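The values are calculated or read from the model by the stated rules, or taken from the named source; none is laboratory data. Keep in mind it's a predicted model, so treat the numbers as computed, not measured. Cβ sites come from the backbone with ideal geometry, for glycine too, and all protein chains shown count toward neighbours.
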Amino acid sequence: MSNDPSLRVPSLRVAPPGGASAKGRAGGRATARLGTLSVDVVLGIGLAVGLAVIAFVTTGGENLGPNTWTEIVLTIIGAALATAVLLIGAPGRAWGGATVAMFALFAALTAASISWSVQPNNSWIEAGRTLSYLAVFAGGAALARLLPARWAAVVGAIAVLATVISGYALLVKVFPATLDAVDQFGRLQAPFQYWNATGLIAALGLAPCLWAGARRERARLLRAFAIPAVSILLTVILLSYSRGALLVAVLGLAYWFASVPLRLRGVLVLILGSLGAGAITAFALATPSLTQNQVGLHSRNHAGHAFGVVLVLVLVLALIAGVLAAYAMDRVPVPEAVRRRVGVALLVVVALVPVGAIVALAGSSRGLTGEVSHLFSTLTNTKGGASNTPARLVNLGNTRARYWSEGVKVGEHALLKGVGALGYETAVTHYTTDTNVVPHAHSFVVQTFADFGLIGIAVMLALITTWALATRRTLRRRDSDWSAGERSGLLTMLAVVITFGAHSAIDWTWFVPGVALPGLLCAGWLAGRGPWADGVGLAARRRRLVDAPGLGAAAIALAAVTLLCLWAVWQPLRAQDADNAAIAAFVAGDTKAALDDAHTAAARDPLTVDPLFQLAAIYTAIGNRQAARDELLSAVSRQPQNPQTWFQLGEFYLQEHEPASALGPLGRAKSLDLGSSEMSQALSQARAESGREG
């Protein structure tokens, strides 16, 4: 009996043949639907709230404190779910296990790169982020194994999450004085403070909202809300002026319409939602105080209130349209043959889009080949760029080519193993004179090559390949194997993963937890779901550890490794807290406490140099110049590839009136940061004071 899948997953159990009246079976199905709705809604709302809290707390993913605590919580949850699979999960093959192992290998590579990184403390921090991402991915796979019938909660949660965050981004425009008085950009960027991430979260929600509005299994009012949600999401994509988000939104929707058998209903939801988005966007673009930069708060506030009125009015009309559409979809039967023909026609229209583009290019003044050459040169121009105005949506100029070119250059100079996790920002200054240095290469692929070299590319390809094979195995089932609507739900998850993956290939949104976690959760679920016939779900009987000591040992080992990882993730934050305490004590005049706190910070994180800089400043202030010099030499020893460590040492020698001693460190700093005018000026000063030229 324990090998019977129906016993392991009660929610998916097939009704036994015979022995029950038709009325009883119908009543059972109704009860199951009500129970499933209740559980799915509760789980979906809970998951959406959790993801939304993470998005608002971590914002752009660059604040160490909120990110560290988020990583700790996610790691604990992921470890708990993995332990649950061991202790209460049904026996069977570990579907998705190879993919989780490859993700773990990528996380291990990130941690190992600390040993050769040009910026080891950043690599340590990035190892914590990657560990938490592994926990989310593995947690998604574990949830798919333990609660396979709750796929709808995951898809619904992403729809709610994207709508809530996008709605907040619009509310910032409505109430700028209350929600973000200092934001003077016309582009939407809240809550991530990065417009492309704001546009991406909206793009991630489109396919789930279409699924929610087009599916047949839920109440009309619930489905009706999908249309105003789509209006909000499309508006945010357009008003963020994010071409990348718009591109991947089109890509994700194209996949969804090509694969999910809800095309006719989905088209209706998309068209009605687009009408609402068009009205909202048109008003915003016609109001300069909403979309232009550097507008005064009073003007933004006045325009925002008018925008709010328009927003409410359009969304109410969209909801009414949603109710009518849901009623029509239920009451107006469309023959199967008609649905098939309409579906084919939609696919043909989508396929003809590139044909129309080719015809348009051929009819241009440059001709087809000339226009293609012009477009290619524009996209690959390393000197290109675009303004932060609505016009950028139709402007091909961009800075990606420069970032990618610099990232490839960094990787080529450390071909085998790269410069270490998050080492791109430090290493790129070795090879460019551009003063506008960005912290990321704006592409997960290019960043991986720069940070981990060919080894990283190999691990990345292995991870993507194993995940693709696991997802293919999950989706490759007979139609009769699927529960009602599950195939559409899983394909919607895949559309979310495709949308996020495509955007990560052209931007640095991998490092923004608020947009990365939904994609990782869906990817983990798809890998861990496995074939329908396999034993997934909860164990039929409670498992006693005395009968399975191996599982108990594995659970204890997992707990021990998790605790060790949590301690490691916590250390950079502890070091930063001690460093901040040192600064506060020094400002307050408590030199002894400042020295103690700075030494504590240096001990907690033996890779960072910030506490050493603080110690040097304190020792200099109290006249202990030998100790100050020793701390700066220690900083150089910790991070010899960081131009700032050499620059601080050179500046110290200049302040001590030892220009000859400053020449070496400043020359080294300048060779590591070719574009720094500050270092050039300091080097020139040292040469002049030491009597040397050139």
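One table, with the values for the structure above:
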item: Lone qualifier among Ile237, Ile232 - being buried (at least 24 other Cβ atoms within 10 Å of the Cβ), under 15 Å from Leu311 (Cα atoms) and not polar (S, T, N, Q); result: Ile232
item: Qualifying residue in segment 499-509 (condition: in a helix (DSSP H, G or I), over 19 Å from Tyr255 (Cα atoms) and at pLDDT 90 or above); result: yes
item: Test: residue in segment 601-609 that is touching a Lys or Arg at 6+ places or on another chain (Cβ under 7 Å) and outside any helix (DSSP H, G or I); result: yes
item: Residue within segment 569-578 that is among the charged types (D, E, K, R) and within 30 Å of Gln614 (Cβ to Cβ) present; result: yes
item: Tally of residues being closer than 18 Å to Asp434 by Cα and polar (S, T, N, Q) across segment 664-694; result: 5
item: Leu109 modelled with pLDDT of 95 or more and either over 30 Å from Val172 (Cα atoms) or more than 23 Å from the chain's Cα centre (by Cα) (or both); result: yes
item: Top-ranked residue in segment 33-92 [being more than 21 Å from the chain's Cα centre (by Cα) and in a loop (DSSP other than H, G, I, E, B); ranked as nearest to Gly530 (Cα to Cα)]; result: Gly92
item: Phe511 vs. criteria surrounded by fewer than 24 Cβ atoms within 10 Å (Cβ to Cβ), touching a Gly at 6+ places or on another chain (Cβ under 9 Å) and either without any contact (Cβ under 8 Å) to a residue 60 or more places away in the chain or among the aromatic types (Phe, Trp, Tyr) (or both); result: yes
item: Residue match in segment 160-181 (condition: part of a helix (DSSP H, G or I) and under 30 Å from Thr562 (Cα atoms)); result: yes
item: Qualifying residues in segment 182-203 (those that are assigned to a loop (DSSP other than H, G, I, E, B) and aliphatic (A, V, I, L, M)) - the one modelled with the lowest pLDDT; result: Val182
item: Subset of segment 645-660 [touching a Leu at 6+ places or on another chain (Cβ under 9 Å) and more than 11 Å from Leu632 (Cβ to Cβ)]; result: Leu654
item: Residue in segment 455-470 that is part of a helix (DSSP H, G or I) and at pLDDT below 95 present; result: no
item: Enumerated helices (runs of 4 or more DSSP H) restricted to segment 336-438, each holding at least 1 residues that are within 28 Å of the chain's Cα centre (by Cα) and of a type in the set (Asp, Glu); result: 400-412, 424-427
item: Pairs where the first residue, in segment 655-676, is under 21 Å from Ala617 (Cα atoms) and among the hydroxyl-bearing types (Ser, Thr, Tyr) and the second is at pLDDT 95 or above and assigned to a helix (DSSP H, G or I), C-beta under 7 Å, 6+ apart; result: Ser661/Tyr653
item: Checklist (1) in contact with an Asp or Glu (Cβ under 8 Å, 6 or more places away or on another chain); (2) closer than 22 Å to Ser387 by Cα; (3) surrounded by fewer than 24 Cβ atoms within 10 Å (Cβ to Cβ) applied to Leu200, failing item; result: (3)
item: Of all residues making up segment 293-335, the number that are of a type in the set (Asp, Glu) and surrounded by 14 or more Cβ atoms within 10 Å (Cβ to Cβ); result: 0
item: Some residue of segment 262-269 being modelled with pLDDT of 95 or more and touching a helix residue (DSSP H, G or I) at 6+ places or on another chain (Cβ under 6 Å); result: yes
item: From Val536, Val587, residue being of a type outside the set (D, E, K, R) and surrounded by fewer than 18 Cβ atoms within 10 Å (Cβ to Cβ); result: Val587
item: From the options Tyr241, Tyr255, residue that is of a type in the set (Phe, Trp, Tyr), touching a helix residue (DSSP H, G or I) at 6+ places or on another chain (Cβ under 7 Å) and within 19 Å of Ala505 (Cβ to Cβ); result: Tyr255
item: Residue match in segment 641-653 (condition: hydrophobic (A, V, I, L, M, F, W, C), touching a residue at least 40 places away in the same chain (Cβ under 8 Å) and over 19 Å from Ala581 (Cβ atoms)); result: no
item: Cβ pairs under 9 Å, 6+ apart, first in segment 104-121 and farther than 16 Å from Gly411 by Cβ, second among the polar types (S, T, N, Q) and surrounded by fewer than 24 Cβ atoms within 10 Å (Cβ to Cβ); result: Phe106/Thr130; Ala107/Thr130; Ala111/Thr130; Ile114/Asn121; Pro120/Gln639; Asn121/Gln639
item: Single unsatisfied condition, Ser488 versus (1) surrounded by fewer than 18 Cβ atoms within 10 Å (Cβ to Cβ); (2) within 25 Å of the chain's Cα centre (by Cα); (3) polar (S, T, N, Q); result: (1)
item: Enumeration of residues in segment 655-694 that are more than 28 Å from Pro120 (Cβ to Cβ), surrounded by fewer than 17 Cβ atoms within 10 Å (Cβ to Cβ) and in contact with a Pro (Cβ under 9 Å, 6 or more places away or on another chain); result: Gln685, Ala688, Glu689, Ser690, Gly691, Arg692
item: Filtered residues of segment 449-479 (kept if polar (S, T, N, Q) and free of Cβ contacts under 8 Å to residues at least 24 places away in the same chain); result: Thr465
item: Residues located in segment 547-594, provided they are of a type in the set (D, E, K, R) and in a loop (DSSP other than H, G, I, E, B); result: Asp590
item: Qualifying positions in segment 277-328 - under 19 Å from Leu239 (Cβ atoms), in a helix (DSSP H, G or I), without any contact (Cβ under 8 Å) to a residue 40 or more places away in the chain and not small (Gly, Ala, Ser); result: Phe283, Pro288, His302, Val309, Val310, Val312, Leu313
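Yes or no, residue by residue, for (1) farther than 30 Å from Gln292 by Cβ; (2) of a type in the set (D, E, K, R); (3) touching a Leu at 6+ places or on another chain (Cβ under 6 Å); (4) modelled with pLDDT of 75 or more:
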site: Ala357; (1), (2), (3), (4): yes, no, no, no
site: Arg366; (1), (2), (3), (4): yes, yes, no, no
site: Glu371; (1), (2), (3), (4): yes, yes, yes, no
site: Thr378; (1), (2), (3), (4): no, no, yes, no
site: Ala386; (1), (2), (3), (4): no, no, no, yes
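To keep it simple, each residue is scored yes or no on (1) crowded, with 17+ Cβ neighbours inside 10 Å; (2) under 38 Å from the mean Cα position of the chain (by Cα); (3) part of a helix (DSSP H, G or I); (4) not charged (D, E, K, R).
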position	(1), (2), (3), (4)
Gln614	yes, yes, yes, yes
Thr620	yes, no, yes, yes
Gly623	no, no, no, yes
Gln626	no, no, yes, yes
Asp630	no, no, yes, no
Ala635	yes, yes, yes, yes
Pro640	no, yes, no, yes
Gln648	yes, yes, yes, yes
Tyr653	yes, no, yes, yes
